[in-house]
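Any read-out appearing in this document is the output of simple, stated calculations on the displayed coordinates, not a laboratory observation. Bear in mind the structure is a predicted one, so any value in this text is a computation, not a measurement. We place every Cβ from the backbone using ideal geometry, glycine too, and count neighbours over all the protein chains shown.
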Amino acid sequence: MESPERLSGQAVGVEQDATPTPVDVDTAVLLLGAGVTAVTHPLLYVKLLIQVGHEPLPPTVGTTMFGRRVLYLPGFFSYAQHIVKVDGKRGLFRGLSPRIVSSAISTMVRSKVKQQVELLSMKDELQTSLRKVVKETTHEMIIQCLSRVATHPFHVMSVRCMAQFVGREVKFGGIFSCVMKIFKEEGVAGFYVGLIPHVLGEVLFLWCCNLLAHFINTYAVDESFSQAAAVRSYTKFVMGIAVSVLTYPFMLVADLMAVNNCGLAAGLPPHSPIFKSWLHCWNHLNQKSVRPPSCQGHLFRGSSFFFRRLPVTSLPVIED
């Protein structure tokens, strides 16, 4: 019979072996990220096609809550069904491979940079101090910018693969062929088209979200309120939703610039003018007299998957 000490030692050894290592944790995070990316890819695919102004289905007549008749563009499910009808179910995952690689690289970069930043950060500041919020936001900004620089080439590849649906091209295929094609035609700069508005949008989102959440939690939430802690825990989430609406035009412009003048129909006339810069693209989207009608003043084009109404100026007369 084995002694209690030996059995205890074996139990401790089993517990130590069962403890997940950093490698196991990183692998689990990467697999989870890949799974989430795959599941959400059809949503982003439809969103991208709406962003470039591709409307293959006719609008339908509907009414508002006030009884006014309007025209609605197809929502996500109708658009997804159209893609399946044209390309099959696998067509919903066009451009997925670069996004999975981008997700993996982003996770690794964030993990490594965050570890280095935490070693340099101070631990003795008050949780509610503005100075701490500014410092933490600065660290988040550094992580976000480095992650974006590392992953943006794959974002460009994914966007171009998806945009091929518009003109039915086969110019961009696998990751290796995309790399060779972009480098041959546009050089290194081709991998970073649209990077500036993307980074600006993400930086603006971080600062607005964190600062607004800090000021609300500090000055608007009363300490005497019994649910103050619960309210503070949701403030940043709610602010993130609100601020993401305001920063969406930067993401739209970044995606349009990734497609613009790359040899695809989605980025060439008559579907889209050739933009000289991302500011030119921004001004074009912000104009009220742009044609076709689906492009009129649409800095927020693609921000919604449902209840997509045509602009009032482009509505035809609907007779009873």
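Points 7 angstrom from Cα along the Cβ direction at R309 and K112: gap in nanometres?
With each label point 7 Å from Cα toward Cβ, the separation is 5.0 nm.
Classify region 68-221 as rounded, prolate or oblate, taking a ≥ b ≥ c as the square roots of the eigenvalues of its Cα gyration tensor: rounded when a/c is under 1.5, otherwise prolate if a/b is larger than b/c and oblate if not.
Cα axes put region 68-221 in the oblate bin.
Working out 0.36 nm times the residue gap between L43 and S78, then minus their Cα-Cα distance, what length gain in nm do you get to one decimal?
11.4 nm
Among the listed pairs K47/K171; K112/K184; K85/K276; K47/K89; K85/K184, which are separated by more than 24 Å between their Cα atoms?
K112/K184; K85/K276; K85/K184
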